[in-house]
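Some notes on the structure that comes next.
The values are calculated or read from the model by the stated rules, or taken from the named source; none is laboratory data. Treat the numbers as computed from the prediction; the structure is a model and nothing was measured. For neighbour counting, all protein chains shown are included, and Cβ atoms are generated from backbone atoms with ideal geometry for every residue, glycine included. All accessible areas refer to the heavy atoms of the entire protein, side chains included, with ligands and DNA or RNA removed. Shrake-Rupley method; radii C 1.70, N 1.55, O 1.52, S 1.80 Å.
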Amino acid sequence: MREIVEIGTGREARRAYGLEDISIVPTRRTRSSSDVDTTWNIDAYTFDVPILSHPTDALATPEFVIEMGKQGGLGVINAEGLWGRVEDLDTALADVHDAESLQRLHALPLDEELLAERIRQVRDSGVTVAVRVSPQHARELAQTVISAGTELLIIQGTIISAEHVAADGEPLNLKEFIGSLDVPVIAGGVSDYSTALHLMRTGAAGIIVGGGTNTNDVALGIEPPLATAIADAAAARRDYLDETGGRYVHVIADDAFATSGDVVKAIACGADAVSLGGMLAIAEEAGGKGAYWPSVAGHPRFPRGFVDERSPKAPLEVVLHGPSADPFGTLNIVGGLRRAMAKCGYTDLKSFQKVDLAVR
């Protein structure tokens with residue numbers, strides 16, 4: 001039952017919860033973490049761990065994306081980032097210091113052949129190729145990246161709907177658009193039951209809940225609490241499964257995760273996988289070499305992200321799989337997930353979504 005509170009005369013709001021507001025409650029059964037299976041399957045693709053990288057150049061060089069695949073996750077390329085704008089990617093990334101420098105780099109023309117060449121480099125390595133486009137540029141870029149070898153297309157903005165309406169152009173109807181493509185599509189982000197259900201009805205294989213790391217809270221006043229948003233999307237997934245007689249749409253949480261505990265709680269709330277940004281920026285293979293910024297930080301008129309300087313800590317393998325000497329959950333992210341599942345008696349991700357939760 002929804003809890004409605006009065007915030008003033010004649011104005012009510014729903015009480016909602018962030019990940020920081022909840023905790024997981026173990027039951028009587030525990031298991032060995034070696035018995036836990038973290039495999040995630042979406043469409044025809046299987047991954048050893050339910051982790052994607054946020055589509056930002058701060059992470060995704062070709063080398064990072066390939067290594068992400070080797071470590072069992074999915075590295076995501078930003079088609080509208082620097083891959084198709086600069087020949088010398090390393091030098092350009094080293095020149096990123098703030099939103100203004102990002103805007104300057106993103107103002108360079110997009111060379112679709114250069115972008116396609118780098119996507120083919122990743123495809124030739126044998127890892128699964130996932131590429132993100134914005135709803136505004138999906139039409140013009142989708143076929144280019146698919147022809148270059150994209151296997152999973154991600155249509156992502158900080159906020160998205162099933163139909164992007166533009167007064168000065170033809171609206172993007174995602175149901176028609178997704179139906180015209182030869183690859184599975186993941187779309188998002190959403191933050192409520194209704195939008196999640198509408199996106200599922202477009203034919204998307206997965207939906208993204210949340211908008212990643214951004215400044216929407218201070219710039220737009222928009223910051224839906226993630227625990228409630230994931231649970232709402234999971235409820236939409238369940239209803240859509242009944243509506244279609246068995247079509248399962250994956251829920252992927254994308255937020256400013258800081259620790260492995262956040263990842264654990266996102267899956268416990270109903271997510272099938274998570275998209276990580278800043279948590280992976282400490283990997284030595286990350287493009288920003290410690291600096292992190294979300295994909296929306298380079299928006300030409302209204303950036304909603306900033307460059308956060310961090311120090312590289314460890315190889316990506318250690319960030320994901322350990323071993324770790326850090327007691328705060330910033331390293332060995334998958335190990336934290338495995339141990340939480342084992343402590344609560346679950347051996348697979350789907351059953352772990354039924355774990356007991358408590359509100360703090």
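The table that follows gives values for the structure above.
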item	result
Count of residues meeting criterion [open to solvent by less than 20 Å² (accessible area, probe 1.4 Å) and at pLDDT 95 or above] in segment 101-126	5
First in segment 7-23 and free of Cβ contacts under 8 Å to residues at least 60 places away in the same chain, second anywhere and charged (D, E, K, R) and open to solvent by less than 100 Å² (accessible area, probe 1.4 Å), Cβ under 6 Å, 6 or more apart	ARG15/GLU3
Count of segment 27-63 residues which are of a type in the set (Ser, Thr, Tyr) and in a helix (DSSP H, G or I)	2
Whichever residue in segment 1-31 is of a type in the set (Ser, Thr, Tyr) and out of contact with any helix residue (DSSP H, G or I) (no Cβ under 6 Å at 6 or more places or on another chain) and, among such residues, is least open to solvent (accessible area, probe 1.4 Å)	SER23
Filter result for the condition that a residue is open to solvent by 10 Å² or more (accessible area, probe 1.4 Å) and of a type outside the set (Gly, Ala, Ser), over ASP192, ASP254	ASP192
Neighbours by Cβ (under 9 Å, 6+ apart or cross-chain): first from segment 349-360, farther than 22 Å from ALA16 by Cβ; second of a type in the set (S, T, N, Q)	LEU349/THR38; LEU349/THR39
Pairs with Cβ under 7 Å, 6+ apart, first in segment 120-139 and farther than 16 Å from GLY84 by Cβ, second among the charged types (D, E, K, R) and not in a loop (DSSP other than H, G, I, E, B)	VAL127/LYS70
Cross-chain or 6+ apart pairs with Cβ under 6 Å, segment 79-100 first and touching a residue at least 40 places away in the same chain (Cβ under 8 Å), then outside any loop (DSSP other than H, G, I, E, B) and crowded, with 18+ Cβ neighbours inside 10 Å	ALA79/VAL131; ALA79/VAL133; ALA79/LEU141; ALA79/VAL145; VAL96/LEU102; ALA99/ALA297
Criterion: at pLDDT 95 or above, farther than 30 Å from ASP43 by Cα and either open to solvent by 20 Å² or more (accessible area, probe 1.4 Å) or in contact with a Cys (Cβ under 9 Å, 6 or more places away or on another chain) (or both) - qualifying residue of ALA325, ALA340, ALA358, ALA268	ALA358
Scope segment 20-36; condition among the charged types (D, E, K, R) and closer than 23 Å to THR228 by Cβ; matching residues	GLU20, ASP21
Matching residues in segment 288-307 - criterion: being open to solvent by 10 Å² or more (accessible area, probe 1.4 Å) and free of Cβ contacts under 8 Å to residues at least 60 places away in the same chain	ARG301
